[in-house]
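First comes the structure, then the notes that go with it.
The values are calculated or read from the model by the stated rules, or taken from the named source; none is laboratory data. For clarity, every value in this text was computed on a predicted model and none was experimentally measured. Note that each Cβ is placed from the backbone with ideal geometry, even for glycine, and that neighbours are counted across all protein chains shown.
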Amino acid sequence: MPPQPHNSATSGSLVLQPRVIRFKDAPGYLGMDRNRFNDEVRPFVTEVRMGKQGVAFDRLDLDVWFEEYKNRNGRPGQPKGELTWDERKLRASPSGKGSGTSTNKSTDGAFAKAVKDNGYPAKLDVGLIGSCTNSSYEDITRAASVARQAGEKLLKVAAEYTITPGSELVRYTIERDGLIKSFEEIGGVVLANACGPCIGQWARHGADKQEKNSIITSFNRNFAKRNDGNPNTHSFVASPEIVTALAIAGNMTFNPISHIVIKRPDTW
C-alpha cells in the first residue's frame, strides 16, 4: 500500500506520511513517551529490522493499535501470540566476546565452553555497563527490563553491578522513568556519567594483588589491563542485557535461555 497523503494544516499542501516509522519516532507518533510505548504498544506490533541495529514499525500497524485502543476506551489489550516483549528480548541469543580481544565472538553454549576450555574463572566478579558505549537510553531500558524481571522474582545480583549512563541527559531520563529504581532493587549501582573503567580510570579495590578474575562489560575494548590495570583480569564484552543477566547469576557459564536463577548459585 503506498504512502497516504494528507493536507497540511499550515500550508495547505499535501504531505506524504512514511509507511515505516523508526523506533525513535514511534512513541511521538502516538503521542506518548518511550517507556509507555515499550509497555503498551511494542508487544502488539511487528518490529521491522532496519540495517544491523535499527528497529522500525509499520505505520499501519500503529494506526490499527490506536483504533483498537480507542475501542477499548484506553484499557490494556492482550498481546498477539504467546510471548511478551520482555520474553522476546530474553529469547535473543546471548553472546559475548572473549577476553583480550574484541573480535573473537562466541554464542550460546559456545561461550560457556570457551570459558571452561580456556581456564577463565567461571565466577563473575563484576558486571559493568557504560559509559559512552552501549549506554544510551535505549540500551539502558533493555538492561532495566532484565533487572525489573529479576526484581519481581526478589532476586539480587550475585556479582558487583554498575551502570554508567552515557550522558547526564540519559541519567536524568532514566531516573525520571524509574529505571534507576529497577537497578537498585537488585543491588545495582548507577554512577555519574563520566569516564571510568572503560578507559582504565577505575580505582578497583584489590587490583594491585593481580589476582585472576573475570569481569563482563558493555565497553568497546577489553585488552589486558585496559580496565583496572590488572593483567590477570579477564574482561569479556557483551550487550547490556547479557551483562545484567550474568551479573544476576554471578557466573560466566550462565545461559539465560536454558538456565533458571533461583538464588545465588555457586555452580551450574
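None of GLU184, GLU138 is touching a residue at least 60 places away in the same chain (Cβ under 8 Å), surrounded by fewer than 17 Cβ atoms within 10 Å (Cβ to Cβ) and over 30 Å from ASN232 (Cβ atoms) except GLU138.
Report whether or not SER235 is farther than 20 Å from PHE183 by Cα, in contact with a Leu (Cβ under 7 Å, 6 or more places away or on another chain), of a type outside the set (Asp, Glu) and in contact (Cβ under 8 Å) with a residue 12 or more places away in the chain.
Values: farther than 20 Å from PHE183 by Cα: yes; in contact with a Leu (Cβ under 7 Å, 6 or more places away or on another chain): no; of a type outside the set (Asp, Glu): yes; in contact (Cβ under 8 Å) with a residue 12 or more places away in the chain: yes.
It is false that SER235 is farther than 20 Å from PHE183 by Cα, in contact with a Leu (Cβ under 7 Å, 6 or more places away or on another chain), of a type outside the set (Asp, Glu) and in contact (Cβ under 8 Å) with a residue 12 or more places away in the chain.
Is the stretch 205-225 home to any residue that is more than 13 Å from LEU128 (Cβ to Cβ) and within 15 Å of the chain's Cα centre (by Cα)? For the stretch 205-225, residues more than 13 Å from LEU128 (Cβ to Cβ) and within 15 Å of the chain's Cα centre (by Cα): absent. From the list ALA207, ALA249, which one is hydrophobic (A, V, I, L, M, F, W, C), over 17 Å from ASP139 (Cβ atoms), surrounded by fewer than 21 Cβ atoms within 10 Å (Cβ to Cβ) and out of contact with any helix residue (DSSP H, G or I) (no Cβ under 7 Å at 6 or more places or on another chain)? Exactly one of ALA207, ALA249 is hydrophobic (A, V, I, L, M, F, W, C), over 17 Å from ASP139 (Cβ atoms), surrounded by fewer than 21 Cβ atoms within 10 Å (Cβ to Cβ) and out of contact with any helix residue (DSSP H, G or I) (no Cβ under 7 Å at 6 or more places or on another chain), namely ALA207.
In the stretch 92-106, of all residues being within 15 Å of ASN227 (Cβ to Cβ) and surrounded by fewer than 17 Cβ atoms within 10 Å (Cβ to Cβ), the one that is modelled with the highest pLDDT corresponds to GLY100. Return a yes/no flag: does the stretch 148-163 have any residue that is touching a residue at least 40 places away in the same chain (Cβ under 8 Å) and hydroxyl-bearing (Ser, Thr, Tyr). Scanning the stretch 148-163 turns up at least one residue that is touching a residue at least 40 places away in the same chain (Cβ under 8 Å) and hydroxyl-bearing (Ser, Thr, Tyr).
Residues in the stretch 49-63: is at least one assigned to a helix (DSSP H, G or I) and at pLDDT below 85? No; the residues of the stretch 49-63 include none that is assigned to a helix (DSSP H, G or I) and at pLDDT below 85.
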